[in-house]
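Report on the structure given below.
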Ligand code: SF4
Ligand code: SF4
């Protein structure tokens, strides 16, 4: 038991508590057990066998968002992302089976890992939405109205517009082409404008991020093996990702791609976009995705790109880099805590009086759309690629 957790990783925590105020679950509960330090302590005791594994205590691990804010502020370099992924996998082996956990793992393995089945589920949902059966198939408040799914172009290559300067691979992913195809369309157009030939690796599957975050490391490893066979078939300067959670996972979990994985904003800031073509009149606020700001430490590039848009006024929230409570499947598995965290975020957002909140992750987009709708707000939520492409 508890073989994946590393003693060395756990020992890096010196219990200073400097991470506590940054942790969203500690901020809303004030409880040590819902803090990074408390969770590390608990996992350390289980690993050492100095505390009996207790089913009731698992809740403290379940309530962690995996947002890695603690990792970004920790002066001791605690690799919290690695600890919580290993800890969750160990906990899954040790805990009593529950229907909720079984259902989420089965849905991931049987649906998300298979693009064809996921597309069918998307089509069924779209049909039901069209004929007004939304209450039957909408997973509560979360699912956005679906549009026609994103499809790679014939031949799996989109040419550079103008001179070809780079060749990039593009992660199409699992849920984004179904839930937010417009984000991919905008991202690809920006890449083309930046002189990139965009290759869509045929047969590419889900990157495995949702699996790893839910303690299914074996499932994530199987997807990595499958994807690495595909990536090996084409040369590229960078693998560009427009979903922060997927980008963080690829950077951490795919060592063979070391240095090649780039978030869309990271890559565009590096290679440059052409002069914007139109002037806008738009008040924009930017929500940092945890897996971009904390896991990949990318905060400056998206803001620089937004500020470079003529007529865009970037207004900051009080706490733009605090999690919105989405966190992959968290909002479904832990709706109570997710909603408490979301409410604080919505107050912060509405205070900006922005026309648009721009995001870099589909989970944040869904969470904020649902939250703003619930508050009766007309603030629009869109992916940063959609915001940037408005200038062209
Ligand atoms: S995780 Fe880092 S910041 Fe938090 S208590 Fe441990 S050493 Fe201190
Ligand atoms: S990952 Fe996020 S929720 Fe979990 S302990 Fe760290 S700061 Fe708190």
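FYI, it's all coordinate maths here, none of it is from the lab. As the structure is a computational prediction, the values presented were derived from the model and not from experiment. FYI the Cβ positions are ideal-geometry reconstructions off the backbone, even for glycines, and counts take in every protein chain you see.
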Spatial extent of segment 7-112: Rg and Dmax, with the Cα atoms as the point set, Å: 14.1, 42
Gap separating the Cα centres of segment 94-120 and segment 46-91, nearest whole Å: 22 Å
Angle in degrees between helix 217-231 and the longest Cα principal axis of the chain, rounded to the nearest 10: 30 degrees
In degrees, nearest ten, helix 335-351 long axis to first principal axis of the chain (Cα): 50 degrees
Percent RCO, i.e. relative contact order, over segment 259-314, from Cα pairs under 8 Å lying at least 6 residues apart: 47 percent
Label zone at residue 318 (point 7 Å along Cα-to-Cβ), backbone N below 20 Å, segment 332-348: 338-348
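Above 19 angstrom, tally the Cα pairs of segment 245-335 and express them as a % of all pairs, no decimals. Numbers along the way, then the final one.
Working: 2127 of 4095 pairs.
The share of Cα pairs beyond 19 Å in segment 245-335 comes to 52 percent.
What share of the DSSP beta bridges in the chain is antiparallel, in percent to the nearest 5?
Here the share of antiparallel DSSP bridges comes out near 10 percent.
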Centre separation in Å (Cα based) which lies between segment 192-254 and segment 339-392: 26 Å
Mean ellipticity per residue at 222 nm, deg cm²/dmol - from DSSP H runs of n ≥ 4 across the chain, formula -39500 (n - 2.57): -13000 deg cm²/dmol
Calculated FRET efficiency for the pair residue 278/residue 120, C-beta based, R₀ 25 Å, to 0.05: 0.05
Packing rank of 190-200, 300-310, where each peptide gets the mean count of other beta carbons within 10 Å, highest leading: 190-200, 300-310
Modelled FRET efficiency - R0 56 Å, residue 378 with residue 98, Cβ distances, 0.05 increments: 0.90
Label-to-label distance, nm, for residues given as residue 228 and residue 50 (7 Å Cα→Cβ offset): 3.6 nm
Two-decimal ratio, the chain, of alpha-carbon radius of gyration to 2.2 N^0.38 Å: 0.97
Scattering profile of segment 264-392 at q = 0.13, 0.20 Å⁻¹ [log10 I(q)/I(0), Debye over alpha-carbon scatterers]: -0.51, -1.14
Peptides ranked, highest mean first, by Cβ atoms within 10 Å: ranges 359-371, 102-114: 359-371, 102-114
Percent RCO, i.e. relative contact order, over the chain, from Cα pairs under 8 Å lying at least 6 residues apart: 16 percent
Cα→Cβ-extended label distance, 7 Å offset, between residue 297 and residue 164, nm: 3.5 nm
